[in-house]
Structure formats: C-alpha cells, structure tokens
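The values are calculated or read from the model by the stated rules, or taken from the named source; none is laboratory data. This is a predicted model, so every value here is computed, not measured. Virtual Cβ from ideal backbone geometry, glycine too; neighbours counted across all protein chains shown. Surface accessibility is based on the protein's heavy atoms, side chains included, excluding ligands, DNA and RNA. Shrake-Rupley method; radii C 1.70, N 1.55, O 1.52, S 1.80 Å.
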Amino acid sequence: MTRKPLNLVEKWSALKRAANCNDRRLNATAHVVLFRLLDHQNTKTGQCNPSVARMARDIGVSRRTVNYALTQLEERGLIRRVGRVGQSNQYAVLRASETELAVQRIAGRAASGSAEAMQRIAAKKEKEKLKEKGKAAETNERHVYSVPSPTARQIAEKKVVAAIERMGSSYEDLISVPTCTLIDLFQSVAQGQLSSNKAAAEILDLLGTRQE
C-alpha cells in the first residue's frame, strides 16, 4: 500500500483528533500506539507496517493490548488496517477528511449489525415465549423461572473477570461490551450452563482481542 506520507501538520492533526475523542475516549495505550504508527511511517512511500509484536515490545505491553488499541483507533476512523497475505498488516493513519468518511462507514455497519442483533434477540425471545406457553398448556401449571440470586450473579461476574485478567485483559475492557450481553453471560455462569473461562473467551471474541 503506497500513499502520500503525512506531513508534520497532518501528523499533529491526527494526534489532536485522537485526544478529542470525548464521546468514545481512547485509552492511554491507543494514544501511544498511534504515535508509534506515525513514527514508523516511511517519509518517502507513506508505508507503515510495524508488526504487532514489535509495537508490543517497544511499548512494553502484550500483543493483545496492542491489538485492542488498534481496534479502538480503527473504530474511531483514525487508522485503516490492510491485511497482506503471508505478511504482517500495513497501516494508514488517516487524514481529517478520510476520518470523517471512515466514521460514517463504521457507523453504517454498526447500525446494520445492531438491527440484525435486535432481530435475532426478538426471534429468540418469541421462540422461548412460545415454548413456555406450550409447557403451560401441557401441565396446566404456572411456570416459575429460575433466576439466580444477585449474590450468585456477583460471584459469577468475579469469576469471569478473573478469567479475563488471566487471559491478559482487564475489567475496563468490559465497557465496550453491551450490558445485556454481559448479564446473559454472567447469568449462564451462575446457573452452571457456562464455565467462567468459556464466558471470558466469548467476551474477548466480541472485543476482537483473542489470539489466534
């Protein structure tokens, strides 16, 4: 990927836009990763392709943490990742005009994904509702849901958070996961339907931070 290199003013603009993400604030690592990407940009070809391992080593964090930072930067339209077969990613730090277009595309995809997710949830609830009606008709008894106590859910949450920390992430990462998803996972762990490690793995999958 060859593109016109960013000049010093455009680099400063990129850092300033990152600092002004007040609606979805970047964590400190994301700012450092953005600075490293700008530092690695070839001043003649515009290419920027440091490996995740290299950035993790230079910054002093895990590869998972760097990947999460890259995801944050990409979601906010500050960078674009381009995969290369058999090689590491190339990165492009976007100019202000490119950022606006990227944010619009990401917002469009997110809206589409949210609509599909809501449809799936509604279909699942309707299916469960019909299933429960069928049970009530057969037994002619009132069905009572088994809901774990708040204490059980709190214990389940602590187990999942502990598992996430063992996998190299932190409790703060859960901010990016929808609350309804977290509640469902914690409840499944509390009811013994899901292990804490499996729930943690699903959360990291949603964050896009699990190692292949």
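Here are the numbers for the structure shown:
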item	result
Scope segment 1-55; condition touching a residue at least 40 places away in the same chain (Cβ under 8 Å) and of a type in the set (Ser, Thr, Tyr); matching residues	Thr2, Ser13, Thr29, Thr45
Checking Ser88 against (1) closer than 30 Å to Glu10 by Cα; (2) modelled with pLDDT of 70 or more, the condition it does not meet	(2)
Filtered residues of segment 39-57 (kept if within 21 Å of Asn67 (Cα to Cα), out of contact with any Phe, Trp or Tyr (no Cβ under 9 Å at 6 or more places or on another chain) and open to solvent by less than 10 Å² (accessible area, probe 1.4 Å))	Met55, Ala56
Tally of residues being free of Cβ contacts under 8 Å to residues at least 40 places away in the same chain and open to solvent by less than 60 Å² (accessible area, probe 1.4 Å) across segment 150-186	12
Within segment 30-59, tally of residues that are assigned to a helix (DSSP H, G or I), more than 22 Å from Arg17 (Cβ to Cβ) and under 21 Å from the mean Cα position of the chain (by Cα)	3
Leading residue by the ranking (surrounded by the most Cβ atoms within 10 Å (Cβ to Cβ)) among those in segment 5-29 that are over 23 Å from the mean Cα position of the chain (by Cα) and hydrophobic (A, V, I, L, M, F, W, C)	Leu6
Number of the exception - Gly192 against (1) at pLDDT 75 or above; (2) assigned to a helix (DSSP H, G or I)	(2)
Qualifying positions in segment 60-84 - in a helix (DSSP H, G or I) and either open to solvent by 50 Å² or more (accessible area, probe 1.4 Å) or among the polar types (S, T, N, Q) (or both)	Arg63, Thr65, Asn67, Thr71, Gln72, Glu74, Glu75
